[in-house]
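Shown next, in structure tokens, is the structure this report addresses.
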Amino acid sequence: MPRPADHTPCYRSTLRSRSFGYLLAASLAIALIAPRSASAQQSDDAVDAELEALEAELESPSPAAPEEESSSQEGVDEELERLERELSGDGARPVSVERETALPTRSAEVPGAGVITSMNPDISLIADFALAWFSDEPSLMGGHDATQTGFDLQGLELGLAAGIDPYWRFDSHILISLFGLEVEEAYATSLALPFGLQARAGQFLTNFGRVNPTHLHAWNFTTQPLVLGKFFGGEGLRGLGAELGGLLPLPWLASWTVSAQNIAGGATGRSFLASASDINALTDLSVAFRLEQFWDVSRRTGLLLGLSAINGPNRSGRANRSDIYGVDLLLKRTVTGSRGRSELGWQSEVMLRRRQDGGAIDEPTGTVLQDWGGYTEFFFSPSLFWKVAARYERVSGVEDDPLDPSWRQARQRGAVSLSHMPSHFSRLRLQYSLDHLPEPESPLIHMVFLQLELVAGAHGAHAY
């Protein structure tokens, strides 16, 4: 009868290799636990001596019975357990004073202040330069539009943003021009209101439509839409005030905001009061409302629908007021694949304005002036580095309009743009526009813009 094979050498070899691996791992862990010190060095020497003794014991080729191998393995396991207890227990290396003692921070003083990561504000500087050419005298209405042939500084925006405490965040946008400084926005946003509400207070752009709440660097074109310039002013609808908003309990994403502001001035409230000095009572504040809803049409396509309205006193006297209503739509498809990220979108916005006008002095009652305007644009980004866009605009005219007496017929304008973004911090844009003015002497004006945009510092993401 054949004799059973003797597996003792193989068993010993496996045991030795496993034990050696355990010991090697333990020694590496000990070496990496903490910085060196005098007491730590002595502990290292003792542990190294024990490890060398165990390695010598394993390497010695003394014959042993299976029972001896088992007892040797148990001894190694006990030694490894002791070393692990030493590493994790009271015998661990002493930690340096720098690691044990943490400097007091502001977040430790206020309960729940863990959201404050830094006392330093985020600072950004965004510069927009443009080179423009016009076939005739242009009639642009945007405050950032390049209005003369040659070079122009469209805007130099200094942004500051910081978390004040667990309850407030502060944001500001200061516009630097060749003629001085202007506080475009400076407001605080609440972070801890109950029932999912959020409030803003300070100077801010009114949440009306798609373009008005945004800044120049977020636009697809170098020029402001005509309807915003005619209805709101060259700087957009903005003013000091307060805003409250929240989410609606609907199966889809829906949000609302309502605000009350000092809307006045030709540049920031063209359809309302002439200046802030005309605000004498709370009824002279302009009240705006916006409802925004979003649906996932598909896994890659989203639809956003917005409804906006604002009511406030105008400059015609007799307690007359102006109403502006707006509807905006954004349909966007985003695809991310092996070739990168591509985007295709359609954005449109239409506004209707109704103004009570005082009329002539001998008229017992005034009249109501009504006009409308809007734009529609398409944009396509085959990658993160390129974008093409096309826009069509149309704004109606009104007879005997005290704000625009010569704007009696509809005005149309078209534009195409090509943008190249070498990185997230720079953009080069070429735009061609054709403006159809209502005046017969110069019905068509050709316009070409070359824009360079540079972003320095931290800058938050743009809205969807």
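Okay, residues lined up against (1) within 30 Å of Leu329 (Cβ to Cβ); (2) surrounded by fewer than 20 Cβ atoms within 10 Å (Cβ to Cβ); (3) touching a strand residue (DSSP E or B) at 6+ places or on another chain (Cβ under 6 Å):
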| site | (1), (2), (3) |
| --- | --- |
| Leu156 | no, yes, yes |
| Asp171 | yes, yes, yes |
| Ile174 | no, yes, yes |
| Glu185 | yes, yes, yes |
| Ser190 | yes, yes, yes |
| Leu197 | yes, yes, yes |
| Gly202 | yes, yes, yes |
| Phe221 | yes, no, yes |
| Gly233 | yes, no, no |
Open item on the list: For the condition among the small types (Gly, Ala, Ser) and surrounded by fewer than 15 Cβ atoms within 10 Å (Cβ to Cβ), what is the one hit in Ser277, Ser316, Ser271, Ser286?
Closed with: Ser277
Open item on the list: So in the stretch 392-444, with the set limited to residues that are within 25 Å of Val455 (Cα to Cα) and among the basic types (Lys, Arg), which one is surrounded by the most Cβ atoms within 10 Å (Cβ to Cβ)?
Closed with: Arg429
Task: Subset of the stretch 124-154 that is at pLDDT 95 or above and among the β-branched types (Val, Ile, Thr) - its residue that is surrounded by the fewest Cβ atoms within 10 Å (Cβ to Cβ) - done: Thr149
- [ ] Please work out if Val350 is among the hydrophobic types (A, V, I, L, M, F, W, C) and either surrounded by fewer than 16 Cβ atoms within 10 Å (Cβ to Cβ) or at pLDDT below 90 (or both).
- [x] no
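The values are calculated or read from the model by the stated rules, or taken from the named source; none is laboratory data. Please read these numbers as outputs of a predicted model, since none were measured by experiment. Virtual Cβ from ideal backbone geometry, glycine too; neighbours counted across all protein chains shown.
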